[in-house]
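Take a look at the structure set out below.
The values are calculated or read from the model by the stated rules, or taken from the named source; none is laboratory data. In this text the structure is predicted, and so the values were computed from the model without any measurement. We place every Cβ from the backbone using ideal geometry, glycine too, and count neighbours over all the protein chains shown.
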Amino acid sequence: MRAFYHPHQALHAPQQYMRFGRVVRARDLPERTERLLQALAGRGIPVETPPPVGMDPILAVHTADYVEFLRTAWDQWQTLPEDRGPEVWPATFPYWSGRPERRARPAPRPTGLLGRLGWYLGDMSVPLDAHSWTSIRQSAETAVVGAEAVADGAGLAYALCRPSGHHARADRASGFCYLNNSAIAAARLALRFGRVAVLDVDAHHGDGTQQIFYDRPDVLTASIHADPADYYPFYTGYADEAGAGAGAGANLNLPLPHGSGTGAMQAALQLAAEAIRKFDARALVVALGFDAHRADPIGVLALDSGDFAAIGEAVSRLDLPTLIVQEGGYGIDVLDPSLTAFLQGLGG
């Protein structure tokens, strides 16, 4: 297995996060990558630094105006009054209908930074600092290089992406996610393999990935996650969301009751595997989150570290060219053993 990670992904160091009406310490800390790198080292897997790939793969998924906003927001933030906060953070959010068949919204009418913040930053978990764009871009490029390795015959690759990506829509950041690494990788693989499946296994629904591919017939999105009726992202992730237009039938949501453990996860994995085989996918992207662990500080599922071996085994049985893209997981002390177990299952 080839593994990819760029050290610049650790530069993004958010300071604040809104939770239950309080500003608290951010959860997506650079230390997450240190623990995941330890797991790779423990398995004897060398980590390659991805070379630059340019913006075309990113712009194949995200709108140009949104990407330009991410690139320039910090510099514009510096022009605000001196009592501004330490990070780019929105305070105004526009109304939008949430029509699932729309891949993206038009560019916003406000030209000032404050008006555009609430358009492009969808909640208060996606602050930006001086180094965020560098980390965001390198995270996406890590996914692209991993996808290209799979397309070139590697068979199996792991993209250690941070910041994560599966909540990012074509034109909006949310849920610690800015660019949708899994979607960017899947779109890249679709150019080579034609039919691609995204298997998202994370405590949270991959709402951004669903939105990006909701009307596409060539990418199946299958998400296993905690029931969103009382859990982020709240508004998507329900079982009746099956795709629209040409993509009708190419979206599968498998919400789990809160407190679910490995039994419910394995049953959902079996259903997802059946859908992937029926779809006749030729390549697979696994959006892998470890926030399904019972020790995750913002999780509501009840997997143990060893349970991730079963997820790896399920992926292995699909026997497809596969890219693993790292998504969530905020219980720092369980990241190493969880990835280790997953890799053991994958290799078994």
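Of all residues in the range 226-267, those being surrounded by 13 or more Cβ atoms within 10 Å (Cβ to Cβ), of a type in the set (A, V, I, L, M, F, W, C) and closer than 20 Å to GLY208 by Cβ number 7.
Given the criteria more than 15 Å from ALA226 (Cα to Cα), modelled with pLDDT of 95 or more and more than 18 Å from the chain's Cα centre (by Cα), does ALA309 qualify? Explain how you work it out, then say what you get.
Working: more than 15 Å from ALA226 (Cα to Cα): yes; modelled with pLDDT of 95 or more: yes; more than 18 Å from the chain's Cα centre (by Cα): yes.
It is true that ALA309 is more than 15 Å from ALA226 (Cα to Cα), modelled with pLDDT of 95 or more and more than 18 Å from the chain's Cα centre (by Cα).
On the stretch given as the range 12-21, residues that are more than 18 Å from PRO90 (Cβ to Cβ) and within 18 Å of the chain's Cα centre (by Cα) total 1.
Within the range 12-36, the set of residues being surrounded by 13 or more Cβ atoms within 10 Å (Cβ to Cβ) and over 18 Å from LEU121 (Cα atoms) comprises LEU29, PRO30, ARG32, THR33, GLU34, ARG35, LEU36. Restricting attention to the range 315-340, the residues being part of a helix (DSSP H, G or I), surrounded by fewer than 22 Cβ atoms within 10 Å (Cβ to Cβ) and of a type in the set (Gly, Ala, Ser) number 1.
On the basis of being of a type in the set (Asp, Glu), farther than 24 Å from ARG103 by Cα and under 20 Å from the mean Cα position of the chain (by Cα), does ASP296 make the cut? For ASP296, the condition - of a type in the set (Asp, Glu), farther than 24 Å from ARG103 by Cα and under 20 Å from the mean Cα position of the chain (by Cα) - is met.
For the range 208-219, the criterion of being among the charged types (D, E, K, R) and within 23 Å of ASP28 (Cα to Cα) is satisfied by no residue at all. Within the range 74-90, restricting attention to residues that are without any contact (Cβ under 8 Å) to a residue 60 or more places away in the chain and within 24 Å of the chain's Cα centre (by Cα), the residue that is surrounded by the fewest Cβ atoms within 10 Å (Cβ to Cβ) is TRP74.
Residues being among the hydroxyl-bearing types (Ser, Thr, Tyr) and under 10 Å from the mean Cα position of the chain (by Cα): count how many of those fall in the range 161-215. Before the answer, list the steps.
Residues of the range 161-215 among the hydroxyl-bearing types (Ser, Thr, Tyr): 164, 174, 178, 182, 209, 214.
Checking which are under 10 Å from the mean Cα position of the chain (by Cα) leaves us with 164, 178, 182, 209.
The qualifying residues number 4.
Starting from residues that are in a helix (DSSP H, G or I) and among the hydrophobic types (A, V, I, L, M, F, W, C), keep the ones in the range 50-64 and report whichever is farthest from ALA159 (Cα to Cα). Ranking the candidates gives ALA64 first.
On the given criteria, is LEU220 within 17 Å of the chain's Cα centre (by Cα) and aliphatic (A, V, I, L, M)?
Details: within 17 Å of the chain's Cα centre (by Cα): yes; aliphatic (A, V, I, L, M): yes.
Yes.
Take the conditions (1) touching a Phe, Trp or Tyr at 6+ places or on another chain (Cβ under 7 Å); (2) in a strand (DSSP E or B); MET18 misses just one of them, which is (1). Only helices (runs of 4 or more DSSP H) whose full extent lies in the range 109-221 are considered here, and the ones with at least 2 residues that are in contact (Cβ under 8 Å) with a residue 40 or more places away in the chain, surrounded by 24 or more Cβ atoms within 10 Å (Cβ to Cβ) and touching a Phe, Trp or Tyr at 6+ places or on another chain (Cβ under 9 Å) are 132-149, 181-193.
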